[in-house]
1. For region 39-114, what is the accessible area per residue in Å², given a 1.4 Å probe and the full set of protein chains?
2. Taking all pairs of distinct Cα atoms, average 1/r, flip it, and tell me the Kirkwood hydrodynamic radius of region 33-116 in Å to one decimal place.
3. So how much slack lies between R57 and D11, counting 0.36 nm per residue of separation and subtracting their Cα-Cα distance, in nm?
4. Which value in nm describes the separation of the simple spin-label points at R132 and H65, placed 7 Å from the Cα toward the beta carbon?
5. How much length is gained on full extension from L111 to A46, taking 0.36 nm per residue of separation minus their Cα-Cα distance?
6. Compute the label zone of R28 within region 48-87: residues whose backbone N is under 16 Å from the point 7 Å along Cα-to-Cβ.
7. With only alpha-carbon atoms counted, please give the Rg and Dmax of region 1-64, in Å.
8. Give the Kirkwood hydrodynamic radius (Å, one decimal) of region 29-79, defined as one over the mean of 1/r across all pairs of different Cα atoms.
Amino acid sequence: MNIDGIADLPDIPQAGTAASEVYTLALRSEYVDIQRCVRDLGISEAEAAAAIEDLVRLRLLHLVHGCTYAYVAVSPMSASLQLLAVQDEALRRRQNELERLRQQMHSLLPLYRANFAGEPQHPHVQRVEDPRAARGILTTITVEAEREILLSLPTQDPWGELADLDRGAWPGYAGTRSDLLRVLLPEAARFDVRVREQAEALLRGGGQVRTTVSPPA
């Protein structure tokens, strides 16, 4: 099972469900099988089979050694370790691959700075026209920032302009510390009810909002 396969797993047994009752019976018994579940729990064979199948997929039941029909209970801690070990390793590999790619891309910065004609005029400005690239950059900046994030939004509808961006990269959402944000808006934004509501939410989170008659273009 790969990482995407986690979404296909059965629900964790909740109180009152057949799976929860079967797991409880397995904990209190030497073993469980379909017939014992039917007899002791008063459920149908189909319900018992489905519950056992779900519990096996969750690693909460294991077949008795050398048997093809009887199962024993497994602790949730052991089950989670078995279930997630492969996913943890795959996630670590993916993170390592991303970091390696990031380092390789960053290694091109000296070449970029030495040869890009527009760099001497704007050494600290990066123009990004691809919305997806902008989304990724904003997400990284807002999540990794430690001191402050200075944001100038020179349009009449600043929040609407970036409404399609990843929520993790925008004020007030998970991953963004609102107290780090310093936002500059055009003077006209004071009279936009929706913008004022967004600004007030940001202020409540510890951020700062200012307006100016002539914001930078």
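1. 72
2. Its Kirkwood hydrodynamic radius stands at 16.7 Å.
3. That works out to 15.5 nm of additional length.
4. 5.2
5. 16.8 nm
6. Those under the cut-off are 73.
7. Here Rg and the maximum Cα pair distance are 11.9, 38 Å.
8. Kirkwood hydrodynamic radius for region 29-79: 11.1 Å.
The values are calculated or read from the model by the stated rules, or taken from the named source; none is laboratory data. Treat the numbers as computed from the prediction; the structure is a model and nothing was measured. Don't worry about glycine lacking a Cβ; one is built from the backbone with ideal geometry, like all the others, and counts go over all protein chains shown. These accessible areas exclude ligands, DNA and RNA; they are computed on the full protein's heavy atoms, side chains included. Shrake-Rupley method; radii C 1.70, N 1.55, O 1.52, S 1.80 Å.
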